[in-house]
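The values are calculated or read from the model by the stated rules, or taken from the named source; none is laboratory data. Because the structure is predicted, anything quoted here is derived from the model rather than measured. A quick note on method: Cβ atoms are made from the backbone with ideal geometry, for glycine too, and the neighbour counts reach across all protein chains shown.
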Amino acid sequence: MTDVRGSGERTATNDGLQTNGHGPEGITEEFVAEWRDSAYGCFSSGHKFCREVCPVMQVTRNENHTPTAFHANIVAMEKGHLSVEDVADDYIHCVQCGACELRCPNTLFTGDFYRHRTRTVDVVKAMRALAVDSGVEQPNWKRWVEATMQASNEPVVDGVSQETVRDWAEDLDIPTGGDTILFVDCEAAFYRTSVARASALVLRQAGVEFGLMQEQWCCGGPAAEMGYIEHARTLAEHNLADWRAIGAARIITLDPHDYISFTVDYPSYFGDDYDIEIVHITELIAELLHEGKLTLTQPVDRIVTYHDACRLNKRKGIYKSPREILRAIPSLTFKDVDHVTQWSYCSGAGGGMRIERPEIAEEIARRRMEKAAELGIDTLVSACVWSERPLSERGAEQDPAIEVRDLMELVADAAGLDYGGVQR
Amino acid sequence: MFGFRLQTEQPPEPRPVADGVVMRLDDVYEIDPSKMQIVRQQNMPVSDSLRIVDSRWEHLAWMHDHWADSVLSAEEQEDSDE
Amino acid sequence: MSVVALSDSVADELRSILGSDYVLTNKSSLYNRARVPAPFPVHRWNEHIADIVVLPETAEQVSEIVKLANTHKIPVVPRAGGTGLADGAVPMTGGILVDIKRMNKILDIDLVDRTVTVQPGINMLKLNEELRRYGVIYPDDPASYPCSLVGGRIGTGGWSLIGARYGHTRDLVISMQVCLPTGELIEVGDGGGRKIRKSSTGFQLKQLFMGHQGSLGITTEATLELVSRPEAEFAAFFGYPDYETAYSSTGALAKSGLASLAGVVLFDEWKVDYLRRDDEAYIPQPPELRCVVAVAAYGSLAETKPASQVIMAIGKETGGNYLGDEVSQGDWAARHDRYATPLHGRTPEGQVVPMSWHCEDAAITYSALPMVREEWHAIAKRYIDDYGVFDDWGMFAYTNGAHKPWADYLVEIDIGIWEQRLDDTVWDAWVQCKREITEVSLKYGGSITACHGSTREGDAEFVPREMGGGFDVMKKIKRVLDPNNIMNPGKNRLDEAYED
C-alpha cells in the first residue's frame, strides 16, 4: 500500500502541467501532479451525483463545499487560477463520511471495473495536509492537534492524560497485553465510558480473551483528517510498537473511526509489514451470537431506530452486523431505515467539523435527529461513540426527549450485565 | 473471516474472460490492466472492490423501491404460463 | 471576464439585500460556478467566471437582486444545479451569478388537488423521498434525477425518461412564480389558477417561461403534479442481430397503444459495442447481439401486468431476444443516473483515458432515425481519425413526445472528449463537429435539441434557421421583457435582439 499522501495512482505523464509558483516552492506542483488524474476524473464528468447525499451540502447549499469543487480546485490550481490559500476554506467543509465518493457513478458503476474510483476523502485529507504544509492552518484544528500530541490522547474532556486513559477499566481486571487487544478510543475512554465498559464485559461474557495496551495513544485518525500527517504517523508508530511489544496479533475496535485509521491509514504508513488483524466489534458480536457463544436473554423494552455510522456503512460497507445484533435483542421494537437511504445521513461529528465549524456540525446532527423523531421512537441506537455526543444533545431537545444509546450498551443490557461507567 | 488483514487484501492475478476484460474476483469483471497505462489503476483492496459491487446492487434495489411498490418479472410470468 | 466592472457599492448593496454571508467574491466561489457537465473550454476558464456570486433564500431577494442589476446594467446568470448539458448556467460576460440552491423548501403539499409547491433549488429525488409517505410521486425522471434541481429542469425544458407516460418537465409543472428580467414577480400557469391544468384565459404564458435557459427570467416557485405512486414497474430489454430488426421492433412497441407504456429506448450497434467495454450486463452477451431495445411500463398492477405480457409478445414477435430479468431490471434501475463516467473513454489505440462526455441531442422523427444514425457516426469517425482525442460512445433513440410514445424521438450521440488535451484547435474542431451534426438534424426536419438546449456554439448558430420567423418573435419578446439585456446574455443568439 502506498504513502497516505498518494492517491494510490502512479501517473505515466504530466502532460500539460503548468507550474505557477503558487505556495511554497515545489509543494503545490508536486501536489497537483499527484492528484491530477483524480481531479480530472471528477472535473471532466462534472455530474454532481454527490451533492444531494452530502450531509454538509444539505445544510450549507454552497457549491464551494461540494466534492465537485474539491476536485475542480485542483484543476484550477494546475492552471494557475487558484492557490492553496484561495481554496483552503472550502476543504474545512467536509466530515469525510464517504457518501459522495461511494455515490459517485465513477465509483458505484465503474470503480470496481477500472480499479479506479473517486477518492474524495483522500483528496480532502491531502489538500488539508497541503494547507498545513504551506502554513495555512485552521486555528481550532491546530489547537486540538497540539493538545493531542501533548497528552497523547484527544482533549475530549479537560485533563485527559496517559495517567487516566485506563481509568474506565479500573475495577475490571483486564490484563495488559495478549494476542487480542481491545482498543478503546479517546471519547469512550474519557467521556462515554459506559461504551468501553459494556464492550469489555460483553466480550468477557462471550468468552473472548483480550487485553489492553501498555500505553494507548490516540489512533492518529483525527490528526490525519485535519492535515497533520506527521503527527498522525507519530501516534501510529507508537501504537504499532506497543502492539508488537505486547504480542498483539488482533485489535478489536469499538469505534468506527479507529477501524478506519487501522485499516486505511496504518497500511499506508507501514506497508506490507503491517500484519495486524483488525476486527470491528459489531462484526465480532454478530459472529458470537451466530455461534451461540453469546446469548441475549434480558428484554429491552425500547422502540429504536439504528443510526448507520458513516465510517462503517459508507466507507466500509458494514451495515448488516449491527442490524443482526439489534434483531437478536429480546423485546426490542426496531424501526429500521435502510442503509442506502442512510448514505445521506450523518451526525456531523467527523472530519473535525465539530471543532472548526460547530454550527454546521450541530445542524447536521439536528437534521439527523429530526429524521429519527419522525419514526416515533424513544431511542436512537448508534454504533459510533463519536456520534453519540452530538446526537444526544439534539435528542434532549426533542419532546419527548429521545435517548441516544450505543449498540454495545444495549447488548450488555440484553446480556444482563451491569456495566456502569458514565453514560451521557 | 470478517476481520481486516492486509495480507488477504491483495487481489489475485487477472485471467482473461472477454476482449479487453479480465477477472480476479469471482463474478467481478475488470479492465485488462494493459489498457490502463495513461490513467494508472489504484491500489484497491479486495474488500473495497467487494464493497463497491455490493453497494451497486443495493443502490439499484433502492432505486426500484423508490419508484414503485413492486417490480414485475418477465421470467416469473413465463414460468407460471408454462 | 466582466464586461461591466462591479463596483464595491454594488457589492455592498447586494450585501444589504442578502447579508454578507451570502454574497461571495472570493476566487474559489467564482471558479466553481463556471462550468456545467457539458464539455468546457478549461483552457479559457477565466473567460467564464462571474464577478460575484449571490445565494438568495427568497423570491423577494431574487427580485431585488434583478432590479439592482437593471439599475446598474449588470448581467445576471441564474444557476440551479449546474448539471445541464448545454451552457445555460455558464457565465459568458461576467456579472452576478444567482445561485438558487438555498431555495430548496417544500412550501405546500395538497393531496386533495394533487399538487406540491416547491422552491426551485430542490432536487427531485429528495422531493420524492419526502412525498413517499403520502403515496404520491413527482415523476420527472431525467438521467440526472439524483442531482438536477427543479429550477434547472424548468430553465432547460427538461426531458424525462418516462415522459411518454407522465410527461416532461413542462407538462409536470402546473404553474410558477417567475422573476422577470426587470425584477417583477409574476405568476404564470395555464391561465391564472395556481392549480389549474387547462385554461383558455389569456395567452399561454407558462410555456414561454420553459426552456428559455434563464434568458427570460428566474423561476422562484413552482407548483408541480403529484401522481399516484406506481404499484408496479416493468422493464424488459431485448437483443437484436441487426439495426433494422431493432428499429422496427422499436416502432411496434412504441405504437402498441399501451397506456402504461413509459418509454422505449433503442441502443444502436455503436452503443452496444461501447457498453461491452465495461458494463457487466453487456460484456457476456454473444457477439451476435448487435442492438438492444429497452421498454418500461409503470402504473397500477391491474394495468401494468397485462401490459407487460403485451410488451413481451411484441418484443418477441418483432425479432427480439429477451435478455433476462437481471439485465433488464438492473440496467433499467441504472438509467436514473446515466451521465457517462469519464473512464469509458478510449484513445484510438484502445487506452483508457478520462473523457468529458458530450451528449449531442436532437429531436428526430421515427422515419429519419436510420439515416441520422449513419450520418452522425460518419461525422464522428472523421473527427476521431483526424484528432485522436474524440471517441464515439454510440447512439440512443428514446420516445420523446409527452404522453405520446408513438411520436418522435430524442436522439443522442455520445461523444467523448479528452479534456486534458483541449486547446483552441481541438475546441474549434469540436464545435465544427457539432455544427455538422446539427445540420443533419435540420436536414431531416428535426430539431437541434430535444432537451439540452441550443445555447452553445455549434448549436446556437442554427437557431434562426430552425425557428424561421419564430426567431424574430423570440427577439421581440426578449427585447420587451429584458430591455437592458441583463438576463443571461450571450445565449441562443438573443443578443441580436438588441442590434438596432
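Can you name every one of the helices (runs of 4 or more DSSP H) wholly within the range C:256-371 that holds 2 or more residues which are under 30 Å from B:Arg40 (Cβ atoms)? Let's see the steps before the verdict.
Numbers: elements: C:269-278, C:301-317, C:325-334.
In the range C:256-371, the matching helices (runs of 4 or more DSSP H) lie at C:269-278, C:325-334.
Test C:Ala340 against the criterion of being within 12 Å of chain B (Cβ to nearest Cβ), among the small types (Gly, Ala, Ser) and either on the phi > 0 side of the Ramachandran plot or buried (at least 17 other Cβ atoms within 10 Å of the Cβ) (or both), and give yes or no.
no
Any residue that is assigned to a helix (DSSP H, G or I) and charged (D, E, K, R) - is there at least one of those in the range A:335-349? Outline the logic, then answer.
At the first step, the residues of the range A:335-349 found to be assigned to a helix (DSSP H, G or I) are A:341-344.
Checking which are charged (D, E, K, R) leaves us with none.
No; the residues of the range A:335-349 include none that is assigned to a helix (DSSP H, G or I) and charged (D, E, K, R).
Only one of these is more than 30 Å from A:Leu312 (Cα to Cα), at the interface with another protein chain (Cβ under 8 Å from one of its Cβ atoms), within 17 Å of the chain's Cα centre (by Cα) and among the aliphatic types (A, V, I, L, M): B:Ala61, B:Ala18, B:Ala74. Name it. It would help to see each step written out before you state the result.
Working: B:Ala61 fails: more than 30 Å from A:Leu312 (Cα to Cα); B:Ala74 fails: within 17 Å of the chain's Cα centre (by Cα).
Matching residue, one of B:Ala61, B:Ala18, B:Ala74: B:Ala18.
Which of the residues spanning the range A:139-191 are among the aromatic types (Phe, Trp, Tyr) and either part of a loop (DSSP other than H, G, I, E, B) or in contact with a strand residue (DSSP E or B) (Cβ under 7 Å, 6 or more places away or on another chain) (or both)?
Result: A:Phe183, single match.
Somewhere in the range A:179-202, is a residue of a type outside the set (Phe, Trp, Tyr) and farther than 22 Å from A:Leu407 by Cβ?
Start the filter on the range A:179-202 by keeping residues that are of a type outside the set (Phe, Trp, Tyr), which leaves A:179-182, A:184-189, A:192-202.
Applying the additional criterion that residues be farther than 22 Å from A:Leu407 by Cβ yields A:179.
The answer is yes; a qualifying residue exists.
When you go through (1) assigned to a helix (DSSP H, G or I); (2) surrounded by 14 or more Cβ atoms within 10 Å (Cβ to Cβ) one by one for B:Asn43, which number turns out not to apply?
Condition (1) is where B:Asn43 drops out.
Filter the helices (runs of 4 or more DSSP H) completely within the range A:235-314 down to those with at least 3 residues that are buried (at least 24 other Cβ atoms within 10 Å of the Cβ).
A:256-260, A:281-291
Please identify the pairs in which a residue from the range C:255-275 that is under 9 Å from C:Ala296 (Cβ atoms) has its Cβ atom under 6 Å from the Cβ atom of a residue that is assigned to a loop (DSSP other than H, G, I, E, B), counting only partners at least 6 apart or on another chain.
Here the result reads C:Ala262/C:Ile162; C:Gly263/C:Leu161; C:Gly263/C:Ile162, each pair linking the range C:255-275 to a residue that is assigned to a loop (DSSP other than H, G, I, E, B).
Considering the range A:90-112 alone, what residues qualify as being more than 21 Å from the chain's Cα centre (by Cα) and assigned to a loop (DSSP other than H, G, I, E, B)?
Result: A:Phe109, A:Thr110.
Would a scan of the range A:286-309 turn up a residue that is under 15 Å from the mean Cα position of the chain (by Cα), farther than 24 Å from A:Thr333 by Cα and either more than 14 Å from chain B (Cβ to nearest Cβ) or modelled with pLDDT of 95 or more (or both)? Let's see the steps before the verdict.
Quick first cut of the range A:286-309, residues under 15 Å from the mean Cα position of the chain (by Cα) only: A:307-309.
Adding the requirement that they be farther than 24 Å from A:Thr333 by Cα leaves none.
For the range A:286-309, residues under 15 Å from the mean Cα position of the chain (by Cα), farther than 24 Å from A:Thr333 by Cα and either more than 14 Å from chain B (Cβ to nearest Cβ) or modelled with pLDDT of 95 or more (or both): absent.
With the requirement that a residue be in contact (Cβ under 8 Å) with a residue 24 or more places away in the chain and surrounded by fewer than 17 Cβ atoms within 10 Å (Cβ to Cβ), what does the range C:198-209 give you? Steps first, answer last, please.
Residues of the range C:198-209 that are in contact (Cβ under 8 Å) with a residue 24 or more places away in the chain, as a first pass: C:206-209.
Residues satisfying the conditions are C:Gln207, C:Leu208.
Condition first: surrounded by fewer than 23 Cβ atoms within 10 Å (Cβ to Cβ) and not in a helix (DSSP H, G or I). Now tell me which residues in the range A:56-85 satisfy that.
If the condition is that a residue be surrounded by fewer than 23 Cβ atoms within 10 Å (Cβ to Cβ) and not in a helix (DSSP H, G or I), then A:Arg61, A:Asn62, A:Lys79, A:Gly80, A:His81, A:Ser83 are the ones that fit.
Quickly run through the range C:115-150 and pick out the residues that are of a type in the set (S, T, N, Q) and either more than 12 Å from chain A (Cβ to nearest Cβ) or closer than 24 Å to C:Gly88 by Cα (or both).
Answer for the range C:115-150, where residues must be of a type in the set (S, T, N, Q) and either more than 12 Å from chain A (Cβ to nearest Cβ) or closer than 24 Å to C:Gly88 by Cα (or both): C:Thr115, C:Thr117, C:Gln119, C:Asn123, C:Ser144, C:Ser148.
Being among the basic types (Lys, Arg) and either within 24 Å of C:Glu496 (Cβ to Cβ) or in the same structural domain as C:Asp141 (by TED's automatic domain parsing) (or both) is true for just one of C:Arg456, C:Arg421. Which residue is that?
Answer to the check: C:Arg456.
Would you check if there is a residue in the range B:28-39 being part of a loop (DSSP other than H, G, I, E, B) and under 30 Å from A:Glu277 (Cα atoms)?
The answer is yes; a qualifying residue exists.
Go through the range C:199-247 and report how many residues are part of a strand (DSSP E or B) and either closer than 18 Å to C:Ser175 by Cα or hydroxyl-bearing (Ser, Thr, Tyr) (or both).
Within the range C:199-247, the first condition is being part of a strand (DSSP E or B), and the residues that meet it are C:218-225, C:227-228, C:232-240.
In the following step, the residues that additionally are either closer than 18 Å to C:Ser175 by Cα or hydroxyl-bearing (Ser, Thr, Tyr) (or both) were identified as C:218-225, C:227-228, C:240.
Residues in the range C:199-247 being part of a strand (DSSP E or B) and either closer than 18 Å to C:Ser175 by Cα or hydroxyl-bearing (Ser, Thr, Tyr) (or both): 11 in total.
Name the one entry in A:Val124, A:Val136 that is more than 14 Å from chain B (Cβ to nearest Cβ), over 30 Å from C:Arg276 (Cβ atoms), touching an Asp or Glu at 6+ places or on another chain (Cβ under 9 Å) and not in a helix (DSSP H, G or I).
When all the criteria are applied, what remains is A:Val136.
Please go through the range C:8-26 and give me each residue that is crowded, with 18+ Cβ neighbours inside 10 Å, assigned to a helix (DSSP H, G or I) and within 14 Å of chain A (Cβ to nearest Cβ), ordered by number.
Those that are crowded, with 18+ Cβ neighbours inside 10 Å, assigned to a helix (DSSP H, G or I) and within 14 Å of chain A (Cβ to nearest Cβ): C:Leu18, C:Tyr22.
Closer than 30 Å to C:Pro75 by Cα and either of a type in the set (Asp, Glu) or free of Cβ contacts under 8 Å to residues at least 12 places away in the same chain (or both): which single residue out of C:Glu233, C:Glu280, C:Glu221 fits that description?
C:Glu221
Going through C:Ile74, C:Ile109 one at a time, which residue ends up being crowded, with 24+ Cβ neighbours inside 10 Å, away from chain A (no Cβ under 14 Å) and on the phi < 0 side of the Ramachandran plot?
None of the others qualify; the one that does is C:Ile74.
Can you report the number of residues in the range C:7-42 which are of a type in the set (Lys, Arg) and in contact with a strand residue (DSSP E or B) (Cβ under 7 Å, 6 or more places away or on another chain)?
Within the range C:7-42, residues that are of a type in the set (Lys, Arg) and in contact with a strand residue (DSSP E or B) (Cβ under 7 Å, 6 or more places away or on another chain) number 2.
Looking at the range A:284-310, which of its residues are touching a Gly at 6+ places or on another chain (Cβ under 7 Å) and farther than 13 Å from A:Leu410 by Cβ?
A:Lys293, A:Thr297, A:Cys310
Would you check which residues across the range B:39-58 are of a type in the set (D, E, K, R) and more than 7 Å from every other protein chain (Cβ to nearest Cβ) and list them? Break it down into steps so the answer makes sense when it comes.
Our first condition is that a residue be of a type in the set (D, E, K, R); within the range B:39-58, this holds for B:40, B:48, B:51, B:54, B:56, B:58.
Once the filter is applied, which keeps residues that are of a type in the set (D, E, K, R) and more than 7 Å from every other protein chain (Cβ to nearest Cβ), the range B:39-58 yields only B:Asp48.
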